[in-house]
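Please treat every number below as a calculation from the coordinates, not as lab data. Since the model is a prediction, treat every value here as computed from it, not as a measurement. Every residue, glycine as well, gets a Cβ built from its backbone with ideal geometry; the counts of neighbours run over all protein chains shown.
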Amino acid sequence: MDPLLKTNNVSISFGGIKAVQDFNIVLNRGELVGLIGPNGAGKTTAFNLLTGVYQPTTGTIEFDGVDVTGMKPYKITQHGIARTFQNIRLFGNLTVLDNVKIACNYLVNYSLAEAILRVGRYGKEEERIEREAIELLRLFKLDDKKDELASNLPYGLQRHLEIARALAARPKLLLLDEPAAGMNPQETLDLMHLIEEIRKRFELTILLIEHDMSLVMGICERLYVLEFGKILAQGIPQEIKSNADVIRAYLGEE
Ligand code: ATP
């Protein structure tokens, strides 16, 4: 096994609430791992910790041999962790193409705020950034919509654009936060194929938060289950499906 990410007793409290407690996970290179659990279990908070949005109260995060604990989000992105959001966070008033170009630019050296200010001013990097962005859009069948405003895309395509934007930062680890939320069964199936395709093509390691059990059980190799901020169980999908604690806490309520 070749770990890409390892967390050591990562915890965070908000006021008196322990949102995530002793979060210990290992992601091996190339794995597709699910993070599941009831509403409010701490899944998104865990993503916010891994991406530097929140600093852990205690614990450390080791990524690709580097201790990234306490780093700013854009530095962590530069080290190779990119994410999507539960509630889509595109730049709605920018074009589809600029949304992806920002992320390519983000990688160059800038924080997100600087990258946004530089939209349309990519300097000598312009040609490369545009070429990379269009290649990505082609993969997501969004190249013919490159000049549309992101906010004008149908909902499902906005979700795809979020993934394309995350990939523009050329991550080693992609964190997907409920990518199938709001999608119909056909869109969910298409998404599942897309995740498998990008995983192979970009040799990604993926951590997936998702409530759609057909998606989670269908594509994840291993799962972690969170409840009240703590890891309740971990294992392959078959084990998780039949784990009595997990059924009581989570699966039983589906
Ligand atoms: P869902 O499946 O509903 O998205 P989740 O598992 O992602 O839930 P989180 O959003 O991580 O859960 O929330 C975990 C707990 O931490 C909740 O009790 C939430 O209210 C709390 N929490 C998260 N962020 C903050 C914050 N910035 N300030 C205070 N409390 C927070």
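Scanning region 15-45 for residues that are of a type in the set (S, T, N, Q) and within 9 Å of the ligand (Cβ to nearest atom) turns up ASN39, THR44, THR45. Reported count of residues in region 47-76, each being in a helix (DSSP H, G or I) and aliphatic (A, V, I, L, M), is 3.
Scanning region 62-83 for residues that are out of contact with any Gly (no Cβ under 9 Å at 6 or more places or on another chain) and among the hydrophobic types (A, V, I, L, M, F, W, C) turns up VAL66, ALA82. Within region 1-47, the set of residues being crowded, with 19+ Cβ neighbours inside 10 Å and aromatic (Phe, Trp, Tyr) comprises PHE23, PHE47. Residues that are in contact (Cβ under 8 Å) with a residue 60 or more places away in the chain and under 28 Å from THR58 (Cβ atoms) were ranked within region 241-254; the one that is nearest to the chain's Cα centre (by Cα) is TYR250. Within region 20-32, the residues that satisfy the criterion of being over 14 Å from ILE81 (Cβ atoms), of a type outside the set (Asp, Glu) and in contact with a Leu (Cβ under 9 Å, 6 or more places away or on another chain) are VAL20, PHE23, VAL26, ASN28, GLY30, LEU32. When the residues of region 23-54 are narrowed to those that are touching a residue at least 24 places away in the same chain (Cβ under 8 Å) and more than 28 Å from GLY218 (Cα to Cα), which ends up nearest to the chain's Cα centre (by Cα)? It comes out as GLY52. Just one of the listed residues (ALA168, ALA164, ALA180) is within 14 Å of the ligand (Cβ to nearest atom), farther than 22 Å from VAL26 by Cα and touching a residue at least 24 places away in the same chain (Cβ under 8 Å), namely ALA180. Taking the listed residues ALA181, ALA164, ALA244, the one that is touching a helix residue (DSSP H, G or I) at 6+ places or on another chain (Cβ under 9 Å) and surrounded by fewer than 17 Cβ atoms within 10 Å (Cβ to Cβ) is ALA181, with no other qualifying. Here MET192 does not qualify as over 30 Å from LYS75 (Cα atoms), hydrophobic (A, V, I, L, M, F, W, C) and touching a residue at least 12 places away in the same chain (Cβ under 8 Å).
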